Every structure is written in C-alpha cells, then in structure tokens.
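K.L.:
Structure provided below as structure tokens; questions to follow.
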Amino acid sequence: MDALFSAARPPAVPRVPAKGHSAPTLALLHQVLRTTPDALSAAQAAELTGVSRATAQRYLSYLVREGMVRLELRYGATGRPEHLYRIAH
C-alpha cells in the first residue's frame, strides 16, 4: 500500500541540497520541471524562474545526479547536443 501511495506523490526535493545550493532555488527549479509538460533547456528553465542560465544548469545537474530529473540530449546537424531536462517519473 505504501508503494502505491508513494508512486502517486511527486518526489520530494532533498532537504539539504549540495554545498553551495539554496533549498528555495532547488525547489523552484524542481517545481518548474514538474509543472512543464515538455523537457526544458537550462536557458528555458532560467527564463521561467528568473535565475541565470549558469545557476539553472548547476541546479539541474544536481537534480539529475539525485535521480529526480532526467537528462535528454537533442542532436542537431552540427555542434554539441542540446541538454534538455525532464522530471523523472
């Protein structure tokens, strides 16, 4: 029964974020990803939250390491792939 209810609940953001991270900023980025149906780039997440792109990238990378967010790569014709982030289910 517990597994059933925990599957329906969104994953909680870690209470104690990595050193140098702010819990409110971490929660804000996590919330944006939870409420956005499409994967977002760090630049898009930054625009939606009001943080810099570098800050968004740092927090999103942390959420990927914690298993709360999935990293997807979109390959174009040339250059580096675009990093896109989506909430992990």
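The values are calculated or read from the model by the stated rules, or taken from the named source; none is laboratory data. Computed from a predicted structure; not experimentally measured. What goes into the accessible areas is simple: the full protein's heavy atoms, side chains included, and nothing from ligands, DNA or RNA. Shrake-Rupley method; radii C 1.70, N 1.55, O 1.52, S 1.80 Å.
K.L.:
How large is ³J(HN,Hα), in whole Hz, for each residue of the stretch 44-56 in order, when computed from phi with the Karplus curve 6.51 cos²θ - 1.76 cosθ + 1.60 and θ = phi - 60°, using x for Gly and Pro?
P.N.:
5, 4, 4, 5, 6, 9, x, 9, 6, 4, 5, 5, 4
K.L.:
Considering amide H positions built from the backbone, and no H for Pro or chain starts, which residues 5 or more places from I87, or on another chain, come under 5 Å of its amide H?
P.N.:
Under 5 Å from the amide H of I87: R70.
K.L.:
Put H21, H89 in order of accessible area, largest first, 1.4 Å probe: what do you get?
P.N.:
I get H89, H21, largest accessible area first.
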